[in-house]
1. Per 0.36 nm of contour for each residue apart, how much would the distance between Thr105 and Ser84 grow if the chain were fully extended, relative to their Cα-Cα spacing?
2. Calculate, for Asp72 and Gln38, the FRET efficiency according to 1/(1 + (r/R0)^6) with r their C-beta to C-beta distance and R0 22 Å; round to the nearest 0.05.
3. Zone of Gln4 (label point 7 Å along Cα→Cβ, backbone N under 13 Å): which residues in the stretch 88-123?
4. Please report, in debye to the nearest 20, how large the charge dipole of the stretch 1-97 is about its Cα centre when each Lys and Arg carries +1 at its beta carbon and each Asp and Glu carries -1 there.
5. Can you give the translational diffusion coefficient of the chain in µm²/s, computed by Stokes-Einstein from the Kirkwood radius over Cα pairs at 37 °C and 0.692 mPa s?
Amino acid sequence: VQLQASGGGSVQAGGSLRLSCAASRRTVSNNGMGWFRQAPGKEREIVASINWRGGDTYYSDSVKGRFTIIRDNAKNTVYLQMNSLRPEDTAVYYCGQFRSPAAATTLRGVHYWGQGTQVTVSS
C-alpha cells in the first residue's frame, strides 16, 4: 500500500488547511487510518485517527475541537480538516494506516506510512 499525503502549506494563525491522504489500493477501507505530525526536535505524535467505517474517531487534546478527520472509502482517501491553526501546529504531517480496523490512539500498530507534508503556521 502506498499512501500519498498532500495539502500542506503556509498559513497565518487562525487559518485553515485540508490535508488529503490517498491510498494506492482499496484495502485501506478495511483499516483504521491516522494523521500524525513531527515538529523539529520533537517525536512524532498522533493527531487524529478514524476507524475503518468512519464512525469512530480520536483526537489528541491539542487539536480537539479544531481538527476533523474524515474518510471516503469509495475514494480510498482520508482527510484532515484543520481550522483555527496555531503556530504550534507547525510540523511535518504524515498519514498512516493501522493494522487494525480501529481508531487507534498511539503510533503503535501503524504498518504503512505516507510521505510527509509540511504545514507552517505563522503568527
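No value in this document is a laboratory result; all are computed from the given coordinates. Just so we're clear, the structure is a prediction, and the values are computed from it rather than from any experiment. Every residue, glycine as well, gets a Cβ built from its backbone with ideal geometry; the counts of neighbours run over all protein chains shown.
1. Gain in length upon complete extension: 5.3 nm.
2. 0.30
3. Only 115 fall inside the zone, counting backbone N under 13 Å.
4. Approximately 280 debye in magnitude.
5. Estimated diffusion coefficient is 235 µm²/s.
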